[in-house]
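Enquirer: Handing you a structure now.
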Amino acid sequence: MLKYETLNGAITISEDYLQKLIGQAVTSCYGVVGMVPSGSKQKIFDLFSKKESLNKGIIIKGNADKISVELHIMVSYGMNINAIAQSIVHKVQYTVLESTGIKVDKVTVKVDGIKD
């Protein structure tokens, strides 16, 4: 949970909301096929879940001033991975700042798979 004070009161943002917001931004980028689960908890949940989850493969660290994001993605075969990663970084920083007012300090994109 991220919590910060404003002139109008306190704002609390859940990590689940941030993960879904970031997941939606990442999967809308050209060349991204989907998210890959990171960590044993997400991998076990992915085995039993039939539906595609937007919040898998996303690790968020930080506080209400700034956060760092680690993403695990799968890309399409033949795509320029550097261009995809740059697009993701800019889209995540813009989306989180516009939606929540929280600055994204660092975005790490890890390509865990390539799909035909």
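Enquirer: Note the angle between two axes, namely the Cα long axis of helix 15-27 and the longest principal axis of the Cα atoms of the chain, as a number of degrees from 0 to 90, rounded to the nearest 10.
Expert: Helix 15-27 sits at roughly 40 degrees to that axis.
Enquirer: Amide H neighbours of Gly34 under 5 Å, at least 5 residues apart or on other chains, H built in the peptide plane: list them.
Expert: The answer is Met74.
Enquirer: For Ala64, list long-range residues whose amide hydrogen, built 1.01 Å from N in the peptide plane, is under 5 Å from its own amide hydrogen.
Expert: Lys3
Enquirer: Next up: With each label point set 7 Å from Cα along the Cα-Cβ vector, what nm distance links Thr108 and Met79?
Expert: Going by the 7 Å Cα→Cβ label model, 2.1 nm.
Enquirer: Which angle between 0 and 90 degrees, to the nearest 10, do you get for helix 81-100 versus the longest principal axis of the chain when only C-alpha atoms count?
Expert: 30
Enquirer: Which value, in debye to the nearest 20, describes the size of the charge dipole of the chain about its Cα centre when Lys and Arg Cβ atoms bear +1, Asp and Glu Cβ atoms bear -1, and nothing else is charged?
Expert: So the dipole magnitude of the chain works out to roughly 180 debye.
Enquirer: Something else: Amide H neighbours of Val107 under 5 Å, at least 5 residues apart or on other chains, H built in the peptide plane: list them.
Expert: Val69
Enquirer: A follow-up question, please. Using a Cα-Cα cut-off of under 18 Å, which aspartates and glutamates could be cross-linked to Lys56, ignoring same-chain neighbours fewer than 8 residues away?
Expert: Output for Lys56: Glu15, Asp16, Asp46, Glu70, Asp112.
Since every read-out is calculated from the coordinates, none of them should be taken as a lab result. It should be emphasised that the depicted structure is a prediction, and the values quoted were computed from it without experimental measurement. Neighbour counts run over all protein chains shown; Cβ positions are idealised from the backbone, glycine included.
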